[in-house]
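The values are calculated or read from the model by the stated rules, or taken from the named source; none is laboratory data. Please read these numbers as outputs of a predicted model, since none were measured by experiment. All Cβ positions, even for glycine, are placed from backbone atoms using ideal geometry, and neighbour counts span all protein chains on display.
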Amino acid sequence: SAVVCIHSLCSSPNPNLALLEFLRVLKPNGKMYFIEHVITERRYSAFWFSQMNFILQMSYWNCHIGDLRTQIETAGFSKVNLSYLELNFNGVRMPGPMRSLAPHVYGYAVK
C-alpha cells in the first residue's frame with residue numbers, strides 16, 4: 001500500500017494527526033511518498049515568512065508552513081528517507097519574498 005502526499009500537509013490544521021492517519025491506513029511496510037514545502041533555514045526569509053504567514057493562509061488554501069521536516073521524522077514511521085531541496089529558476093534563486101516558498105523536503109517513509 002502507499003500514500004502520496006504532495007503539498008498537502010501544510011494545509012492540514014493538524015499535520016501530526018494527518019501523519020498518524022497515514023500510518024493507520026498503511027499496511028505493514030507500506031510507504032508514504034511526499035514532497036512538502038517547509039520553513040526556510042535562512043534567518044531573514046524565515047522571519048519574513050513568520051510575519052506574513054497569515055497572507056498565505058488566506059490566499060494559498062490555508063497554507064501554514066511549519067516544521068514538517070521534524071514532524072515527518074518523528075511521526076512513528078520505521079524508516080524515513082528525507083532530502084532537503086531549495087527550488088530555483090534555472091539555477092537562479094527565487095527573488096525576494098518568494099524565496100520563502102523555495103525550501104522543500106521530499107522522500108518516503110515506511111510504516
For the stretch 74-111, name all the residues that are surrounded by fewer than 14 Cβ atoms within 10 Å (Cβ to Cβ) and at pLDDT 90 or above.
Thr74, Gly76, Ser78, Lys79, Asn81, Ser83
For the stretch 1-10: of the residues being closer than 15 Å to Phe77 by Cβ and not in a strand (DSSP E or B), which is modelled with the highest pLDDT?
Ser1
Filter the stretch 2-22 down to the residues that are over 16 Å from Leu68 (Cα atoms) and surrounded by 13 or more Cβ atoms within 10 Å (Cβ to Cβ) and list them by number.
Val3
Out of all the residues in the stretch 11-55, which are hydrophobic (A, V, I, L, M, F, W, C), modelled with pLDDT under 80 and part of a helix (DSSP H, G or I)?
Ala46, Phe47, Trp48, Phe49, Met52, Phe54, Ile55
